[in-house]
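The values are calculated or read from the model by the stated rules, or taken from the named source; none is laboratory data. In this text the structure is predicted, and so the values were computed from the model without any measurement. Cβ placement follows ideal geometry from the backbone for every residue including glycine, while neighbour counts extend to all protein chains displayed.
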There are 2 protein chains.
Amino acid sequence: MSGVAPSVRNRRPPGVRREEILRVATEMFGDSGYRGVSLADIAARVGISQPGLIHHFKNKEELLLAALERRDEDSRDHMDAMFQEMSVADALISLCRHNVEDPTAMRLYAVESAESIEPGHPAREFFLRRYARVRERVAERIRRDQELRRLPAALDPVVLAGEMIAVMDGLQVQWLLDPTMDLPGRMAAYLERLIIKEDR
Amino acid sequence: MSGVAPSVRNRRPPGVRREEILRVATEMFGDSGYRGVSLADIAARVGISQPGLIHHFKNKEELLLAALERRDEDSRDHMDAMFQEMSVADALISLCRHNVEDPTAMRLYAVESAESIEPGHPAREFFLRRYARVRERVAERIRRDQELRRLPAALDPVVLAGEMIAVMDGLQVQWLLDPTMDLPGRMAAYLERLIIKEDR
């Protein structure tokens, strides 16, 4: 880090530097958890001073939440696009394909959602809100698929949405431990059994 | 802690002290993750000196692994007993009922399995071995249920075992965030759809 002259590094525009900090924070929080990383560690890896980092994110909590928001926006945009044109099953399989291309973001999400179980964790509210929002979004699309007779009408959309998210979260942790696993294929095997066969 | 005279505390037999350290470590690792807790923190909470703690567990890695092993033995004993007499579905629902009675152990497992994704994490090997073992154990019982025509013969037992574990892990994280959720009921709703209805 110290091999790069500050004058060169400081030439980058603030937006680029901000993105770089978020990328490094995603990596380091995902590797070592929220408490395992300090702002000083992140600043050192980016190659800036700690005051330089605090200029962009006033504390570690703000930086964690910004990193989570960035990953969330990305997956939300992908979900919205997929949900417009696909069944909920095809959209979730497509999301798995999308996620395996960015294991760093997947790792951040897996580690922080588990850590946020702790009542005092800074990301707890984020994950509670996120679960509620994603579940409602998936449930809405399940209802549409039920109307289109793609999914059995007898299943409770909100309960089923929670289950689909659980399968995906659980399989993602398994995939992160052993990336030789076919994550989209496993998700498809689960969803396949739900789909009404006559309509295929 | 300092209010209790060392002479009183030291009277406890070594086995009891060891159990007390494991109980506190389970709680603190589950709350703050492996990197968020030091041996000094754990010793202070137990009310012993750090050398006193190192007498039982030579370092933090050994203590984490011992805490994980303890929780694992407990759930393995429960699984073995349930598998003897029940279908795989009933055994897993019973395990959920067992787990909700010990949220501290569940939290340790959820947080550490997510953190162990990191290649250098001390619990990585533990979780890789554990996944392989639990999956093989569940797969074995799925095969038996298939022979008894309780589960469809067309499903791959190893893939299905991985899926059942994923659902349980994913639902547990949701339950830890919001314990008003009916964890055994949600697990049952998932498993119910797999079971061959004619045989019930």
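It is to be established whether one or more residues within region A:152-172 are closer than 20 Å to A:Phe29 by Cα, in contact (Cβ under 8 Å) with a residue 24 or more places away in the chain and either surrounded by fewer than 18 Cβ atoms within 10 Å (Cβ to Cβ) or assigned by TED's automatic domain parsing to the domain that holds A:Met79 (or both).
yes
To keep it simple, each residue is scored yes or no on (1) under 22 Å from A:Arg23 (Cβ atoms); (2) outside any helix (DSSP H, G or I); (3) in contact (Cβ under 8 Å) with a residue 40 or more places away in the chain; (4) in the same structural domain as A:Ala166 (by TED's automatic domain parsing).
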residue	(1), (2), (3), (4)
A:Leu68	yes, no, yes, yes
A:Ala81	no, no, no, yes
A:Gln84	no, no, no, yes
A:Ala91	no, no, yes, yes
A:Leu95	yes, no, yes, yes
A:Asn99	yes, no, yes, yes
A:Thr104	yes, no, yes, yes
A:Tyr109	yes, no, yes, yes
A:Ser113	yes, no, yes, yes
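Here's the yes/no breakdown for (1) assigned by TED's automatic domain parsing to the domain that holds B:Asp102; (2) among the small types (Gly, Ala, Ser); (3) at positive phi:
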{"position": "B:Ile21", "(1), (2), (3)": "no, no, no"}
{"position": "B:Thr26", "(1), (2), (3)": "no, no, no"}
{"position": "B:Gly33", "(1), (2), (3)": "no, yes, yes"}
{"position": "B:Gly36", "(1), (2), (3)": "no, yes, no"}
{"position": "B:Asp41", "(1), (2), (3)": "no, no, no"}
{"position": "B:Val46", "(1), (2), (3)": "no, no, no"}
{"position": "B:Ser49", "(1), (2), (3)": "no, yes, no"}
{"position": "B:Gly52", "(1), (2), (3)": "no, yes, no"}
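Based on this model, can you work out whether A:Ile195 counts as among the hydrophobic types (A, V, I, L, M, F, W, C) and within 10 Å of chain B (Cβ to nearest Cβ)?
Taking the combined requirement at face value, the residue does not satisfy it.
Could you go through region A:158-170 and let me know if any residue there is within 14 Å of chain B (Cβ to nearest Cβ), assigned to a helix (DSSP H, G or I) and within 11 Å of the chain's Cα centre (by Cα).
Yes, that holds for at least one residue.
If we scan region B:180-189, do we find a residue that is of a type in the set (Asp, Glu), within 26 Å of A:Val158 (Cβ to Cβ) and either within 11 Å of chain A (Cβ to nearest Cβ) or more than 18 Å from the chain's Cα centre (by Cα) (or both)?
Scanning region B:180-189, I find at least one residue that is of a type in the set (Asp, Glu), within 26 Å of A:Val158 (Cβ to Cβ) and either within 11 Å of chain A (Cβ to nearest Cβ) or more than 18 Å from the chain's Cα centre (by Cα) (or both), so the answer is yes.
Give region B:28-52 a look and list any residue that's within 14 Å of chain A (Cβ to nearest Cβ) and more than 22 Å from the chain's Cα centre (by Cα), or say none.
Applying the first criterion (within 14 Å of chain A (Cβ to nearest Cβ)) to region B:28-52 yields B:28-38, B:41.
Within region B:28-52, B:Asp41 is the sole residue that qualifies.
Is it the case that A:Arg143 is of a type in the set (D, E, K, R) and at pLDDT below 95?
So A:Arg143 does not fit the description; no.
Restricting to region A:131-143, give me the number of residues that are more than 19 Å from the chain's Cα centre (by Cα) and in contact (Cβ under 8 Å) with a residue 40 or more places away in the chain.
Matching residues across region A:131-143 total 2.
Tell me, yes or no, whether region A:135-142 has at least one residue that is part of a helix (DSSP H, G or I), of a type in the set (A, V, I, L, M), facing chain B (nearest Cβ under 10 Å) and crowded, with 17+ Cβ neighbours inside 10 Å.
Taking every residue of region A:135-142 in turn, none turns out to be part of a helix (DSSP H, G or I), of a type in the set (A, V, I, L, M), facing chain B (nearest Cβ under 10 Å) and crowded, with 17+ Cβ neighbours inside 10 Å.
Residues to consider are B:Ser75, B:Ser49, B:Ser113, B:Ser94; find the one that is of a type in the set (Ser, Thr, Tyr) and under 26 Å from B:Pro13 (Cβ atoms).
B:Ser49 is the lone residue from the list that is of a type in the set (Ser, Thr, Tyr) and under 26 Å from B:Pro13 (Cβ atoms).
Among the candidates B:Leu128, B:Leu176, B:Leu148, which residue alone is at the interface with another protein chain (Cβ under 10 Å from one of its Cβ atoms), among the aliphatic types (A, V, I, L, M) and either surrounded by fewer than 19 Cβ atoms within 10 Å (Cβ to Cβ) or free of Cβ contacts under 8 Å to residues at least 12 places away in the same chain (or both)?
Values: B:Leu176 fails: either surrounded by fewer than 19 Cβ atoms within 10 Å (Cβ to Cβ) or free of Cβ contacts under 8 Å to residues at least 12 places away in the same chain (or both); B:Leu148 fails: at the interface with another protein chain (Cβ under 10 Å from one of its Cβ atoms).
When all the criteria are applied, what remains is B:Leu128.
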